[in-house]
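The values are calculated or read from the model by the stated rules, or taken from the named source; none is laboratory data. All of these numbers come straight from a predicted model, not from anything done at the bench. We place every Cβ from the backbone using ideal geometry, glycine too, and count neighbours over all the protein chains shown.
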């Protein structure tokens, strides 16, 4: 296991390193000087030079890459060209919306998918199964931002149960904060819940045809208790893998959903930064999201290898 | 084949394909012509899907929007296949070699950037637009096809007919294209259908956030973005483009399911 861990950790570090190079080079292609952008067209040459030196823009590209990389490792993402505040602070503030939103959506997705998948598998070929499968087809096909708009239109505008957008802030209490995030989280969770339901259903169906399940039934165990005591645990492995991978999709998907609900999270920050050509913010947020995606994938791989030792030896 | 998914799936896809093709020569109204006095009209015999906030005919815009969605998704799948499949074949033909390792690690790298992040980076650098949306979705498709091809091809390399081709003196590249590719084509077609539907969703999402097709080219995602503040006032403005996306993706998914069953008789038997 230790050897496997070391190998995967090296691969993780390499992926992140190459991703950082790709990101830095891509952003460096952009024409224009951030210092001129910050000071405007009437800036004095010496002021411009001073700012360029302050931002480290007078240094060579490899030196700047190195400083950006080592800075990030110490939590320093540089200074926003537009707001002139540390990018790390901006990300830190926005993270308190995007991360809870993602986790909330993951929770909802699981809460829908597990019972729905188990229900469909246990009623294979019957009406209940067909109904759940049909719903998952719709869930996978529905654009989540459109579903979000429909939720706002019905629950916020028509019924007035929720606010149509914005975030009240965690200082208003946990419940008020969660209420602000409920509609966005449902919209974000729906397609993932549909995918997870399908995985849960097919994984459980595979397990149900195993010999040990037949043995359990032959020993007099009811179908329900055989599923709960033996089937579910074994069906969980692929489900957990997908669940882990969904975290990345939800984190990226949150960028879109935040725009529908005007939530001041990382997504809105990215779009504002693109509009204002504040590329250092774009670069940092994208790097952070890539880090999250790669790390979660790594953790999923690790958990999978821990559960299934064959994977360790195969690698 | 599962007819109950094939027929509705193929029908839905055909309707939107037809709408896209016909829109090149005919639409009920000119989508670039504004008609403010007739803005936000409810669906009627004159305007089947009503009009939007600028008085444009929504039915005509959906027809032209189908063109944008289908074109972006189709080309993006094409990019993914044209680059991903040869890479996957090369990796499988040289399993365990440096080339295999390099291709698979590059794939891991691209996978680390969800399609939306690639699109954000590309538009941050080159500006928003349909072409950049195609590139972003296309880049994301490359590792999907490369992995699928590699996995499927690897299982074929140990088969007798491939060994026979090797003994006959055929080179790995020729074997890959003459013997391996035709045998994995069904898998690629099924995956292509799935990626196509994901491409439609991705294009809509990118256009919705302003990173996809730009005005005056109509796109379903941007139609939804423009209708966001009008949902309660004139729901039809948001409902029709949303249903267009939903039905196209649903059609492609149903078609994909039917094709998978058709190509995999084992699965067909299991299901029945």
Problem set entry | Qualifying position, being assigned to a helix (DSSP H, G or I), under 20 Å from the mean Cα position of the chain (by Cα) and under 18 Å from residue A:271 (Cβ atoms), among B:132, B:107 | B:132
Problem set entry | Pick from region A:299-309, criterion assigned to a helix (DSSP H, G or I) and touching a helix residue (DSSP H, G or I) at 6+ places or on another chain (Cβ under 8 Å), ranking: surrounded by the fewest Cβ atoms within 10 Å (Cβ to Cβ) | A:307
Exercise. Assigned to a helix (DSSP H, G or I), more than 17 Å from the chain's Cα centre (by Cα) and more than 10 Å from chain B (Cβ to nearest Cβ) - does that describe any residue in region A:287-298?
Worked result: no
Problem set entry | Complete set of residues in region B:232-263 that are within 8 Å of chain A (Cβ to nearest Cβ), surrounded by 22 or more Cβ atoms within 10 Å (Cβ to Cβ) and at pLDDT below 90 | none
For this session: Filter region A:145-188 for residues that are farther than 18 Å from residue A:97 by Cβ, outside any helix (DSSP H, G or I) and in contact with a helix residue (DSSP H, G or I) (Cβ under 7 Å, 6 or more places away or on another chain) and give the result.
Result: A:161
Exercise. Which residues, counting only those in region B:99-108, are more than 8 Å from chain A (Cβ to nearest Cβ) and surrounded by fewer than 20 Cβ atoms within 10 Å (Cβ to Cβ)?
Worked result: B:99, B:100, B:101, B:102, B:104, B:106
Problem set entry | Subset of region B:205-222 that is touching a residue at least 24 places away in the same chain (Cβ under 8 Å) and more than 18 Å from the chain's Cα centre (by Cα) - its residue that is farthest from the other protein chains (Cβ to nearest Cβ) | B:216
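How many residues are surrounded by 16 or more Cβ atoms within 10 Å (Cβ to Cβ) and either free of Cβ contacts under 8 Å to residues at least 60 places away in the same chain or more than 40 Å from the chain's Cα centre (by Cα) (or both) if we restrict to region A:218-233? Give the steps one after another, and end with the answer.
Here is the first cut: in region A:218-233, the ones surrounded by 16 or more Cβ atoms within 10 Å (Cβ to Cβ) are A:221, A:226-227, A:230-232.
If we keep only those that are either free of Cβ contacts under 8 Å to residues at least 60 places away in the same chain or more than 40 Å from the chain's Cα centre (by Cα) (or both) as well, we get A:221, A:226, A:230-231.
Total meeting the criteria: 4.
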Problem set entry | Residues being facing another protein chain (nearest Cβ under 8 Å) and free of Cβ contacts under 8 Å to residues at least 24 places away in the same chain - total across region B:109-121 | 4
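Regarding residue B:187, is this residue surrounded by 21 or more Cβ atoms within 10 Å (Cβ to Cβ) and assigned to a helix (DSSP H, G or I)? Write out each step before concluding.
Numbers: surrounded by 21 or more Cβ atoms within 10 Å (Cβ to Cβ): no; assigned to a helix (DSSP H, G or I): yes.
It is false that residue B:187 is surrounded by 21 or more Cβ atoms within 10 Å (Cβ to Cβ) and assigned to a helix (DSSP H, G or I).
Test residue A:257 against the stated conditions and say whether it is over 25 Å from the mean Cα position of the chain (by Cα) and assigned by TED's automatic domain parsing to the domain that holds residue A:101.
Details: over 25 Å from the mean Cα position of the chain (by Cα): no; assigned by TED's automatic domain parsing to the domain that holds residue A:101: yes.
Considered against the rule, which asks whether it is over 25 Å from the mean Cα position of the chain (by Cα) and assigned by TED's automatic domain parsing to the domain that holds residue A:101, residue A:257 comes out as no.
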Problem set entry | Condition broken by residue A:241, with the remaining ones in (1) part of a helix (DSSP H, G or I); (2) at pLDDT 80 or above satisfied | (2)
Exercise. Does region B:208-227 contain at least one residue that is surrounded by fewer than 24 Cβ atoms within 10 Å (Cβ to Cβ) and part of a helix (DSSP H, G or I)?
Worked result: yes
Problem set entry | Only listed residue being within 12 Å of another protein chain (Cβ to nearest Cβ), assigned to a helix (DSSP H, G or I) and modelled with pLDDT under 85, chosen from A:248, A:225, A:202 | A:248
For this session: Search region B:88-98 for residues being touching a helix residue (DSSP H, G or I) at 6+ places or on another chain (Cβ under 7 Å) and within 22 Å of residue A:8 (Cβ to Cβ), and hand back the single one that is farthest from the other protein chains (Cβ to nearest Cβ).
Result: B:91
Exercise. Looking at (1) in contact with a helix residue (DSSP H, G or I) (Cβ under 8 Å, 6 or more places away or on another chain); (2) part of a helix (DSSP H, G or I), can you tell me which one residue B:4 breaks?
Worked result: (1)
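Could you tell me how many of the residues in region B:24-47 are part of a loop (DSSP other than H, G, I, E, B) and closer than 19 Å to residue B:226 by Cβ? Before you say what the answer is, go through the steps one by one.
Initially, region B:24-47 is screened for residues part of a loop (DSSP other than H, G, I, E, B), giving B:24-35, B:39-47.
Cutting the leftovers down to closer than 19 Å to residue B:226 by Cβ gives us B:27, B:29-35, B:39-43, B:47.
Counting residues in region B:24-47 that are part of a loop (DSSP other than H, G, I, E, B) and closer than 19 Å to residue B:226 by Cβ gives 14.
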Seminar exercise, completed: Only one of (1) without any contact (Cβ under 8 Å) to a residue 24 or more places away in the chain; (2) touching a helix residue (DSSP H, G or I) at 6+ places or on another chain (Cβ under 8 Å); (3) not in a loop (DSSP other than H, G, I, E, B) does not apply to residue B:102, and that is (2)
Exercise. Restricting region A:140-168 to residues that are under 21 Å from the mean Cα position of the chain (by Cα) and more than 25 Å from residue B:198 (Cβ to Cβ), which is surrounded by the most Cβ atoms within 10 Å (Cβ to Cβ)?
Worked result: A:167
For this session: All but one of (1) assigned to a helix (DSSP H, G or I); (2) touching a residue at least 60 places away in the same chain (Cβ under 8 Å) hold for residue A:115, so report the exception by its number.
Result: (2)
Exercise. Considering region A:261-286 alone, what residues qualify as being buried (at least 24 other Cβ atoms within 10 Å of the Cβ), more than 7 Å from chain B (Cβ to nearest Cβ) and assigned to a helix (DSSP H, G or I)?
Worked result: A:261, A:266, A:267, A:269, A:273, A:281, A:283, A:284, A:285
